[in-house]
Amino acid sequence: MVRQNVGWSTRSIYLALACLSLTLHLLLAIFCLSVLQTACVLPASSFHSTLSSPRMDTRHHQSFSHSPSSSDASSSSHELKSSPQNDKQTLTGARNVIQKVNGRSKLESLFNHPLYNLPHPQLQEDDCLLRVKTDEDAEDAGSEDEEREGDIKNDSEWQSASQEEGYDKVTWTRDVETHPPWLRFHLGISRWELYNRKDPNLAQLTHYLATQRILSVVQKTGGTQLKLLLSFPNYGQALLKPMKQSRDAETDVNLFYFSDFERHNAEIAAFHLDRLYCNRSLLSLHFGNICFYGQCESYCSTEHPVCGQPHALEVSLAVMLPDLSLAPRRSWRSPWRRSYSRTKLARWQKDPAYCNKVKQTPPYNHGTRLLDLIDMAVLDFLMSNMDRHHYETFEKFGNETFLLHLDNGRAFGRHSRDEPSILAPLQQCCRIRRSTFLRLHLLSLPDFRLSDVMRESLAQDPLAGVAPLLSEPHLTALDRRLATVLKVVQTCQDWQSDVIYNDMEGYDEHDQHPD
Ligand SMILES: Nc1ncnc2c1ncn2[C@@H]1O[C@H](COP(=O)(O)OP(=O)(O)OP(=O)(O)O)[C@@H](O)[C@H]1O
Ligand SMILES: [Mn+2]
């Protein structure tokens, strides 16, 4: 009897300990979920997508190492075997995915590939460009604002200072579900990327831009070409570039690149290409079939709208970035900018050792800024954009942040010619991110071919309903140019040993052959 009692009490102690440990684990899990923020705003449906700490997240590893269920990799596995030695493991991962590709969307497979789901550095509080005030902020705020702060604390509606006519009544709360797509986009901008490739808000933003009623239109100052700033009833804004030439017209070879018209479809295609390639930049660019009128001295009224022929005007729309007063940006002159003179050459065109000078010049002498620039040069070469005179960054993030690729209107001008000089940063510095290089390699494989995924991506754009956004010769040019980029890297590797910058350390730590 006594023995039995002892047995019971031991069992209940074990049970209590088990419960305690379970509770502790649960508490720890809840704590981790609330503290370890991985994206500025990441809707629940996309939580399993990409952003997480390299050391913590094992899901990406699983997708690398899961065993193939069939063995029909055939031609693609052959291609993979011929890939760079150092990346055997990553490319084995590629082979596993390729087996599932047959009969499935190439674009979907690409975005599911481990290389497109690389873990990002864990976000710290100041890695978000903007954030919604918390209760603590409200409490910290001075007593002057107490009334208003009280409203926010109670999660009531945000009050709009503007009483302008035509705007919707604002009914947003701290709950992301109540935010319009443009606001979700703004709140999602982080130090490392403008948007998350898998964020469902991207599609909503596209739809939003293509369907919103336009409340007002003003001409946007700055830059050389006509741009209009559209305002929507829910306070969203977009930058409009109208169609100026037929989308298939090749740029005249005798025209200086800086005299070229901008192309609305180039802005749109650039967004899609960037999404396939590095996704550290660019913003959603789309279309509207609309008529509008501007504010100017004459012919600017509802009686004189700018309209397409006969009913619809093709344009590109870029969602506006947060206002400069909220998120100031810095504009940087590209060290490889062209001379905008018809007679002079730029320094980089005369000095083969130019990169050594750039490498010693801030901000290129520190961190990964030079690699970002090289990523951008590869993107520009693929779409043949010679007009990257400047790029911008968000001031808040200092020098450790992604580069904004605004203004791609002069890309996709010619498909029959490539412009090797755009690759000068890669050629002269002989350095490239490993993740970039591996993605480019992936996009050269038949199962993920760049032209194919690009065709598929462009087909999802609202404007594709009118006509394909890029003609087939432009898509073919992408594959040809991609092969050129890989050749340039190969040539660098023939001469130098430190060509590949390993930005994937800690990710594939079991790699037998670290760079
Ligand atoms: N989506 C956007 N949101 C906020 N600002 C923008 C956006 N797009 C462009 N801008 C701002 O407007 C400026 C001019 O835009 P853009 O470069 O597209 O015009 P452009 O006429 O082609 O200029 P340029 O003649 O200098 O090439 C940009 O440098 C940027 O600061
Ligand atoms: Mn421009």
Please turn the phi angles of the stretch 456-465 into ³J(HN,Hα) values with the Karplus equation 6.51 cos²θ - 1.76 cosθ + 1.60 (θ = phi - 60°), one per residue in order, whole Hz, x for glycine and proline. 5, 5, 5, 5, 7, 6, x, 6, 5, x
Under the Karplus relation with 6.51, -1.76 and 1.60 and θ = phi - 60°, whole-Hz ³J(HN,Hα) for the stretch 225-233, x at Gly and Pro, equal 9, 4, 9, 10, 9, 9, 10, 10, x
Give me the accessible area of residue 422, 1.4 Å probe, in Å² rounded to the nearest 10. 20
Amide H to amide H under 5 Å from residue 501: which residues, 5+ apart in sequence or cross-chain, H placed 1.01 Å off N in plane? 432, 433, 434
Express in Å², to the nearest 10, the accessible area of residue 324 obtained by rolling a 1.4 Å probe over the protein heavy atoms while all chains stay in place. 100
Would you please give the residues with an amide H less than 5 Å from that of residue 346, counting only those at least 5 places away or on a separate chain, with H modeled from the backbone geometry? 339
5 Å is the cut-off here: which amide hydrogens, built 1.01 Å from N in the peptide plane, fall below it relative to residue 390, excluding neighbours closer than 5 in sequence? 334
In Å², nearest 10: area of residue 431 left accessible to a 1.4 Å probe: 70
The stretch 347-352 - phi-based ³J(HN,Hα) in whole Hz, Karplus 6.51/-1.76/1.60, Gly and Pro as x: 4, 5, 7, 9, 10, x
From the cross-link list 220/357; 359/487; 169/396; 198/227, which pairs have alpha carbons spaced over 27 Å apart? 220/357; 169/396; 198/227
Could you pull the Cα extents of the stretch 405-515 along its three principal axes, largest to smallest, in whole Å? 50, 31, 28
Please arrange 193, 395 by accessible surface area, largest first, computed with a 1.4 Å probe and ligands excluded. 395, 193
At a 1.4 Å probe radius, which order do 386, 243 fall into by accessible area, largest first? 243, 386
Accessible surface ranking that places the most exposed of 277, 167 first, with a 1.4 angstrom probe: 167, 277
Along its principal axes, what span do the Cα atoms of the stretch 329-501 show, with the longest given first and each in whole Å? 47, 38, 37
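The values are calculated or read from the model by the stated rules, or taken from the named source; none is laboratory data. All of these numbers come straight from a predicted model, not from anything done at the bench. Accessible surface areas use protein heavy atoms only, side chains included; no ligands, DNA or RNA. Shrake-Rupley method; radii C 1.70, N 1.55, O 1.52, S 1.80 Å.
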